[in-house]
1. For Val145, indicate whether it is open to solvent by 70 Å² or more (accessible area, probe 1.4 Å) and in contact with a strand residue (DSSP E or B) (Cβ under 8 Å, 6 or more places away or on another chain).
2. Is it true that Tyr96 is of a type in the set (Ser, Thr, Tyr), at pLDDT 85 or above, surrounded by fewer than 21 Cβ atoms within 10 Å (Cβ to Cβ) and farther than 26 Å from Arg150 by Cα?
3. Restricting to segment 123-145, count the residues that are touching a Gly at 6+ places or on another chain (Cβ under 9 Å) and outside any loop (DSSP other than H, G, I, E, B).
4. Answer yes or no as to whether Val21 is in contact with a helix residue (DSSP H, G or I) (Cβ under 9 Å, 6 or more places away or on another chain), over 27 Å from Gly261 (Cβ atoms), in a helix (DSSP H, G or I) and at pLDDT 85 or above.
5. What number goes with the only condition from (1) in contact with a Lys or Arg (Cβ under 8 Å, 6 or more places away or on another chain); (2) open to solvent by 20 Å² or more (accessible area, probe 1.4 Å) that Val187 does not pass?
6. Can you tell me which condition Leu67 does not meet? The list is (1) at pLDDT 90 or above; (2) open to solvent by less than 10 Å² (accessible area, probe 1.4 Å), and all the others hold.
7. Please determine whether any residue of segment 265-274 is open to solvent by less than 20 Å² (accessible area, probe 1.4 Å), at pLDDT below 90, touching an Asp or Glu at 6+ places or on another chain (Cβ under 9 Å) and not in a helix (DSSP H, G or I).
8. Could you say which residue among Met243, Met279 is open to solvent by less than 70 Å² (accessible area, probe 1.4 Å) and either among the aliphatic types (A, V, I, L, M) or more than 14 Å from the chain's Cα centre (by Cα) (or both)?
Amino acid sequence: MTEIFGIPIQAFMGQLMLGLVNGSFYAMLSLGLAVIFGLLGIVNFAHGALYMIGAYVAWFSLEKFGLNYWMALIVAPLVVGALGLVIERTLLKHLYKLDPIYGLLLTFGISLIFEGVFREQYGVSGQSYSVPEALQGATNLGFMVLPNYRAWVIVASLIVCLGTWALIEKTSLGAKLRAGTENPALVQAFGINVPMMVMFTYAGGAALAALAGVLAAPVIQITPLMGTNLIIVVFAVVVIGGMGSILGSILTGLALGLVEGLTKVFYPEASNIVVFVIMAIVLMIRPAGLFGKEK
């Protein structure tokens, strides 16, 4: 059997693929955080809760209404995006001119409320969500067996992440969003509804979190704690990539997923802390993050 550094190639590539899948979730979640912080200046600690709610919407839609996985990919982002609209219009809009710590504390409180409600309703044992029939099974690549669903997660994540980056960085709509957050009074003078743009920006970030939740549902157990368990790592990814850097969040999320997967192969005991070690090193060398702009 072929080995890499003394490790069977199937085991090595399997961990690498698992790391890439985790990196895909890191990339999608950190993308939503980067969009919200980069355009609104809000440190959105509720992002993990919105990710969890997206997974529960998929499960609930299947259990109660018979909506399949493909419908859930549409319904969950719409539902959670609408929830994001309500949160932004009723709570966050009052904080834009204040210190970012207020937004962090508010969204942290919102996440605790959502988590508490779902724990009360569904407990902590979790619900399972089956892989859609079209994506069941695996493909033998010769050097490893690749589960079809994990391949789908990677491809879907890349499409969503790169599409969002292109929308914000390469289109006139993205230019208006960036201008509206840097100089809202001037943009408003040109007849553009800045408050509505801000509202839909937060809703879009929430929808991205929900989409990640639906993609994760067949891979992990759906529990009220699934967002809490992930959001700290995702915040570390955003800090390493650079707060507000959209492309930085995508690339860093994928790269750190791979690093985490490789660490599980060579030094499993460090796999849970390797992201935070890298964050500490990056902050010492470049406080603004790898792709962030120094002020």
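The values are calculated or read from the model by the stated rules, or taken from the named source; none is laboratory data. Since this is a predicted model, take the numbers as computed values, not measurements. With ideal geometry, Cβ positions are generated from the backbone for all residues, glycine too; neighbour counts draw on all protein chains shown. Side chains are part of the model used for accessible areas, which takes the heavy atoms of the whole protein and leaves out ligands, DNA and RNA. Shrake-Rupley method; radii C 1.70, N 1.55, O 1.52, S 1.80 Å.
1. Working: open to solvent by 70 Å² or more (accessible area, probe 1.4 Å): yes; in contact with a strand residue (DSSP E or B) (Cβ under 8 Å, 6 or more places away or on another chain): yes.
Criteria met by Val145.
2. Details: of a type in the set (Ser, Thr, Tyr): yes; at pLDDT 85 or above: no; surrounded by fewer than 21 Cβ atoms within 10 Å (Cβ to Cβ): yes; farther than 26 Å from Arg150 by Cα: yes.
No: the conditions fail for Tyr96.
3. 1
4. On the way: in contact with a helix residue (DSSP H, G or I) (Cβ under 9 Å, 6 or more places away or on another chain): yes; over 27 Å from Gly261 (Cβ atoms): no; in a helix (DSSP H, G or I): yes; at pLDDT 85 or above: yes.
Taking the combined requirement at face value, the residue does not satisfy it.
5. Of everything listed in (1) in contact with a Lys or Arg (Cβ under 8 Å, 6 or more places away or on another chain); (2) open to solvent by 20 Å² or more (accessible area, probe 1.4 Å), Val187 misses just condition (2).
6. It is condition (2) that Leu67 fails.
7. Yes, that holds for at least one residue.
8. Numbers: Met243 fails: open to solvent by less than 70 Å² (accessible area, probe 1.4 Å).
Among Met243, Met279, only Met279 is open to solvent by less than 70 Å² (accessible area, probe 1.4 Å) and either among the aliphatic types (A, V, I, L, M) or more than 14 Å from the chain's Cα centre (by Cα) (or both).
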